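Everything on this sheet refers to the single structure shown next.
The values are calculated or read from the model by the stated rules, or taken from the named source; none is laboratory data. Quick caveat: nothing in here was measured; it's all calculated off a predicted structure. Positions of Cβ are backbone-derived with ideal geometry, glycine not excepted, and every protein chain shown enters the neighbour counts. Areas reflect the complete protein model, heavy atoms only, side chains present, ligands, DNA and RNA absent. Shrake-Rupley method; radii C 1.70, N 1.55, O 1.52, S 1.80 Å.
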Amino acid sequence: NECRALLTLLKEQQQKQQPQQPPCWLSFSCKDGETLHDGSLLVDVLDDISRGDPEGRLVHGIGVNCCSCIYIVSLVSIIVKHMISTGQKRTVIFYPNS
C-alpha cells in the first residue's frame, strides 16, 4: 500500500542523506469514519506505521484530511486509541473539508 511505500522511501532517504531529516507527517484521505478512500482501514495503516517506524523517528505526525467533518471525531479517536495501545506518541493532524 501507499503507506508502506512512503515508509520505505523515508527509510532510504534517512540512510542516504542525513540521520536528522525534517519531520514528516502522513495524512490520509478518508471516505467515512474508519476507511481510507482506497478501501484500507485506517487502523491497518496505523499498524503499518507502527511496525515500520516503532520509535517515531520517520513519521512525527499522523492525520486525516479531505473528509467530511462528521467523521473527524471517529477518525481522530481511532488514531488516539491506536497510540495509547502501542505506547507511541505522534502529533495528530486533522484537516476536514469545509
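Here are the numbers for this structure:
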{"item": "Scan of region 71-83 for residues that are within 30 Å of residue 15 (Cα to Cα) and buried (at least 16 other Cβ atoms within 10 Å of the Cβ), ordered by number", "result": "79, 82, 83"}
{"item": "Criterion violated by residue 42 - all others in (1) under 12 Å from the mean Cα position of the chain (by Cα); (2) at pLDDT 95 or above; (3) open to solvent by 30 Å² or more (accessible area, probe 1.4 Å) satisfied", "result": "(3)"}
{"item": "Verdict on residue 32 being surrounded by 14 or more Cβ atoms within 10 Å (Cβ to Cβ), in contact with a His (Cβ under 9 Å, 6 or more places away or on another chain), among the charged types (D, E, K, R) and at pLDDT 95 or above", "result": "no"}
{"item": "Filter result for residue 11 (among the basic types (Lys, Arg), in a helix (DSSP H, G or I) and open to solvent by 90 Å² or more (accessible area, probe 1.4 Å))", "result": "no"}
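Each row is one residue, and each column tells you yes or no for (1) surrounded by 15 or more Cβ atoms within 10 Å (Cβ to Cβ); (2) more than 13 Å from residue 30 (Cα to Cα); (3) at pLDDT 95 or above.
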{"residue": "51", "(1), (2), (3)": "no, yes, no"}
{"residue": "58", "(1), (2), (3)": "yes, yes, no"}
{"residue": "69", "(1), (2), (3)": "no, no, no"}
{"residue": "85", "(1), (2), (3)": "no, yes, yes"}
{"residue": "88", "(1), (2), (3)": "yes, yes, no"}
{"residue": "97", "(1), (2), (3)": "no, no, no"}
